[in-house]
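Only one structure is covered here, and it is reproduced in the block below.
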Amino acid sequence: MTDQTTSIAPLHVSGRAALRAVLATDFASFIEYTFGVLRPGMEFRPNWHIEAMAYKLSQVANGEIKRLIITLPPRNLKSICASVALPAWFLGHNPSERVVAVSYSAELAKTHANDFRLIVNDPVYQSVFPDMRIKRDTDREITTTARGRRYATSLDGTLTGLGGNLLIIDDPIKLGDAHSQVVRERSIEWYRSTLVTRPDDKKAARIVVVMQRVHQEDLVGYLEQQGGFEILNLPAIAQKTLPYQTGPTTSHDYRRGEILHPEHESAEVLLGLKKAMGSMSFSAQYQQTPVPAGGTFIKRKWLKSYSRSELLTEPRDRTVISWDIALSETQTGDSSAGVVLLCRGDTFYVLEVAKGQYPFKQLSENIRAMARRYPRASLLIEESPISLGLIQALRQENVSVVAIRPSKDKPPRVISQTDRFEAGSA
């Protein structure tokens, strides 16, 4: 691939036929052209990983690969390559074919559709692929004069009566929902019960999944277990030395410790991202390894100790008592747990912890006793069908309680705070 400003943009210079031939036959160059149309004024920074993606996606387009997974860090052109350039190039060569492009939200699917629309309406594209013309154009569906189409939808959208021979899934799970088991299972069930039934020709159909890893049990995790997919995995930092094909006769050795695209994100940038995000999120999104080497959500080494001299009262200190209720007296039942925290800016000191299977009366007394020991503390209790009676009983006894109704399950709430633990704030 050559510099965009000297090889892709100008049509008024000699070599138009050569340019058309390159864009029609070399998908890596077509990606560069697509970037130039969508990001005018921005420098295109070629890199071997773009060529690796281009080579695999071109094999999908010509039918050599029927099932492909690409995992790589965010902001590395995956959507431009897979959701915009690939369907444009595929329909350019096969204007009567049908493409389905899926994302986690209707808004994101619409954005990709708009970008696709810009490409296929561009004069350069129309000179390269004169048989590919738009007949009908809506937000979701762009139909060609040869009765082909690109249909955009989301996991919450519909595919009833719709299908195609190129099915593209681009980021099926929103990052904020990654640790919701319900959302993850819904995306997998949608794939099993809806998407796999959509090919027009079950033998010829291609399925492409491109995403950043977000959880060990995300869609890619499921598909890896099922098998049948070729996988192009591109971590931000190579964990071991591996060869990557960049063309029929070319390859790149991605060596252990090497940065994926140093001109785009240097080692210093990645280090800053890891520090800001926490190792768990960085491991998933950037390294494509959802479970970090250390294991569980909170590592013991992250927990700091403190001396009593640090706890001299300061004017802006706040004390919080927080309880998660589980009314069970059996040894195998869930435990109720309470914690007392001294909040000082962004640092949290654990003053006291209580945990056990308590009957209602004892649990109520334990909470009242804790509130008496910390009279200036705010008392928070997670609201649930189990805790409502307890909250009402405490309020009837003039104990001030703030009922908290979380918007997410426990795992995502824990993970959203791992960066605080890793930074030594607990």
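What follows draws every value from the coordinates through simple rules; no lab data is involved. These numbers were taken from a predicted model, which means no experiment stands behind them. Cβ: placed from backbone, ideal geometry, glycine included. Neighbour counts: every protein chain shown.
Here are the numbers for the structure shown:
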| quantity | calculated |
| --- | --- |
| Dipole moment magnitude, nearest 20 debye, the range 300-422 about Cα centre, only Lys, Arg, Asp, Glu C-beta charged | 260 |
| DSSP-loop trypsin sites (Lys or Arg not before Pro) across the range 28-87, with at most 13 other Cβ within 10 angstrom | ARG75 |
| Choice from VAL208, VAL99, VAL401 with maximal GNM fluctuation in the chain (Cα, 10 Å cutoff) | VAL401 |
| Order of TYR358, TYR222, TYR286 - criterion: other Cβ atoms within 10 Å of each residue's Cβ, fewest first | TYR222, TYR358, TYR286 |
| Theoretical gain in end-to-end length, ALA267 to ALA337 [0.36 nm per residue, Cα-Cα removed] | 21.1 nm |
| Against the rule of thumb 2.2 N^0.38 Å, how large the Cα Rg of the range 76-144 comes out | 1.04 |
| Cβ-based exposure ranking for LEU312, LEU242, LEU23, in which fewest neighbours within 10 Å come first | LEU312, LEU242, LEU23 |
| Largest-first ellipsoid semi-axes for the range 128-189, taking √(5λ) over the Cα gyration tensor eigenvalues, angstrom | 31, 12, 10 |
| Per-pair calculated FRET efficiency, R0 = 22 Å: ASN121 and ASP200 via Cβ, rounded to 0.05 | 0.30 |
| Highest-MSF residue in the chain out of GLU51, GLU43, GLU141 [GNM, Cα springs under 10 Å] | GLU43 |
| Size of electric dipole in the chain: Cβ of Lys, Arg +1 and of Asp, Glu -1, about Cα centre, debye, nearest 20 | 500 |
| Neighbourhood charge, 14 Å Cβ-Cβ cut-off, centred on VAL196 and excluding it, Lys, Arg +1 and Asp, Glu -1 | +4 |
| Correct choice for semi-axes √(5λ) of the Cα gyration tensor in Å that was computed from the model, options [x] 63, 39, 17; [y] 32, 28, 21; [z] 52, 25, 19 | [z] |
| Extension gain, ARG16 back to LYS275 (0.36 nm per residue minus Cα-Cα distance, nm) | 88.4 nm |
| Residue order, fewest to most beta carbons within 10 Å, for SER58, SER29 | SER29, SER58 |
| GNM result for the chain, Cα springs below 10 Å: residue of LEU86, LEU234, LEU388 fluctuating most strongly | LEU388 |
| Two-site FRET efficiency, LEU311 against GLU382, from Cβ-Cβ distance with R₀ of 35 Å, rounded to 0.05 | 0.85 |
| Label-point gap, in nm, between PHE360 and ARG256 - each point 7 angstrom along Cα→Cβ | 6.0 |
